[in-house]
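To start, the structure itself, in structure tokens.
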Amino acid sequence: MALLAVQGLDNKEIAAAAYLSEDTVRNNISTILSKMVLKNRTQIAVAYWKATL
């Protein structure tokens with residue numbers, strides 16, 4: 001799910017791609033932000049790209 005967010009998809013697009021509800025996507029993105037101590041989706045993308053270097 002984080003990879004889809006990194007690719008710039010919004011919650012509705014992620015939900016459709018992953019066959020999940022938008023609420024589930026929203027909760028999962030919030031969990032990712034919380035566990036990684038990040039503030040927004042942009043920071044998820046930065047963390048992802050730093051990890052792939």
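The values are calculated or read from the model by the stated rules, or taken from the named source; none is laboratory data. Bear in mind the structure is a predicted one, so any value in this text is a computation, not a measurement. As a convention, Cβ positions derive from the backbone with ideal geometry for all residues, glycine included, and neighbour counts pool all protein chains shown. When the accessible area is computed, the model is the full protein with side chains, heavy atoms only, and any ligands, DNA or RNA have been set aside. Shrake-Rupley method; radii C 1.70, N 1.55, O 1.52, S 1.80 Å.
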- Task: Kindly provide the set of residues from segment 30-42 that are of a type in the set (V, I, T) and either surrounded by 11 or more Cβ atoms within 10 Å (Cβ to Cβ) or under 10 Å from A2 (Cα atoms) (or both), ordered by number.
- Result: T31, I32, T42
- Could you please let me know if L4 is surrounded by 15 or more Cβ atoms within 10 Å (Cβ to Cβ), in a loop (DSSP other than H, G, I, E, B) and either modelled with pLDDT of 95 or more or under 9 Å from the mean Cα position of the chain (by Cα) (or both)? no
- Query: If a residue has to be surrounded by fewer than 14 Cβ atoms within 10 Å (Cβ to Cβ), under 10 Å from the mean Cα position of the chain (by Cα) and at pLDDT 95 or above to count, how many in segment 8-25 make the cut?
  - Reply: 1
- Number of the condition not met by A45 [criteria: (1) modelled with pLDDT of 95 or more; (2) open to solvent by less than 90 Å² (accessible area, probe 1.4 Å)]: (1)
